[in-house]
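In what follows, a single structure is set out as structure tokens and then discussed.
The values are calculated or read from the model by the stated rules, or taken from the named source; none is laboratory data. Nothing here was measured: the structure is a model prediction, and the numbers come from that model. With ideal geometry, Cβ positions are generated from the backbone for all residues, glycine too; neighbour counts draw on all protein chains shown. With ligands, DNA and RNA removed, areas are computed over all heavy atoms of the protein, side chains included. Shrake-Rupley method; radii C 1.70, N 1.55, O 1.52, S 1.80 Å.
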Amino acid sequence: MNLSDSRTAGQPAGQPLRRVSAMEAVLAHLRGAIERGEYAIGDKLPSEAELCRALEVSRPVLREALRALQTMGLTVSRTGKGTFVVASTVEDPTFGDYAASDLLEVRRHVEIPVAGYAARRRTPENLDHLAHLLDRMERETDTTAWVAMDTLFHLAVAEAAQNPVFRRVIEEIRDALARQSAFLNELGGRREQSNREHRAIVEALTDGSEHDAVEAMAHHLDRVETTLTDIVRSPRTDSDLPTEGEPQA
């Protein structure tokens, strides 16, 4: 089974087609096997070497997929022993110390009103910093670098609210935000859409519109939740992924 080539897979209605990476194909295959019961709770997955040979992918690609399985709560990695199945369905992904649902709940109660305060209190220096960050993010092609700037962007919005407690809260969840951002970009192709949402936030702050800033941040978090929900839903089976020779968009 060769999952090493990127493929085009069906997307939700109304969304453009995008390339599915080798990692996503491997993840869908392993997740499907777990959810179908081919690997039961308590079972140990085959070794990395065995999976690489069977799926014809590189070790870095496989390891990314294994990390995603662990984030989804389906497996746990035990040093020196291997990867074991601990759940048969995805309930609530975990990013660092926080469950996705808890993280989103806090973000809605903090970042949405923070955007409103930032629209009222931002300084020219705040706006320059945000504009510079956004320009860099829109040019960036490296996912790791983009994710780092994504967390800086949200910190900068909190700084613009001129309340150090808000920044402290975002600092506390910064690692979780970065992990979530990387997860959504890898599996949900969120980068370009996120850039557009960030642009709308900056434009609202520049205009000094509290209403528009609140709406823009709320929309951003809505899209984060929607993408996460799409990922958590049961994946396509391997037969749903186009094989070599099939038309690709």
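Results for (1) closer than 30 Å to Met23 by Cα; (2) out of contact with any Pro (no Cβ under 7 Å at 6 or more places or on another chain); (3) touching a residue at least 12 places away in the same chain (Cβ under 8 Å); (4) surrounded by 15 or more Cβ atoms within 10 Å (Cβ to Cβ), shown as yes or no for each residue.
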{"residue": "Gln162", "(1), (2), (3), (4)": "no, yes, yes, yes"}
{"residue": "Arg168", "(1), (2), (3), (4)": "no, yes, no, no"}
{"residue": "Leu177", "(1), (2), (3), (4)": "yes, yes, yes, yes"}
{"residue": "Ser181", "(1), (2), (3), (4)": "yes, yes, yes, yes"}
{"residue": "Leu187", "(1), (2), (3), (4)": "yes, yes, yes, yes"}
{"residue": "Ala216", "(1), (2), (3), (4)": "no, yes, yes, yes"}
Being of a type in the set (Ser, Thr, Tyr) and either in contact with a Pro (Cβ under 6 Å, 6 or more places away or on another chain) or under 30 Å from Arg36 (Cα atoms) (or both) narrows Thr151, Thr143, Thr83 down to just Thr83
Flagged pairs (Cβ under 6 angstrom, 6 or more apart or on separate chains; first in the stretch 111-123, over 8 Å from Glu210 (Cβ atoms) and open to solvent by less than 10 Å² (accessible area, probe 1.4 Å); second part of a helix (DSSP H, G or I) and at pLDDT below 95) are none
When (1) modelled with pLDDT of 85 or more; (2) open to solvent by 60 Å² or more (accessible area, probe 1.4 Å) are applied to Leu30, the one that fails is (2)
State whether the residues of the stretch 123-145 include one that is out of contact with any helix residue (DSSP H, G or I) (no Cβ under 7 Å at 6 or more places or on another chain) and small (Gly, Ala, Ser).
-> yes
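Of everything in the stretch 189-214, what is basic (Lys, Arg) and open to solvent by 20 Å² or more (accessible area, probe 1.4 Å)? Give them in sequence order. Give the derivation first.
Applying the first criterion (basic (Lys, Arg)) to the stretch 189-214 yields 190-191, 196, 199.
Arg191, Arg196, Arg199, listed by residue number.
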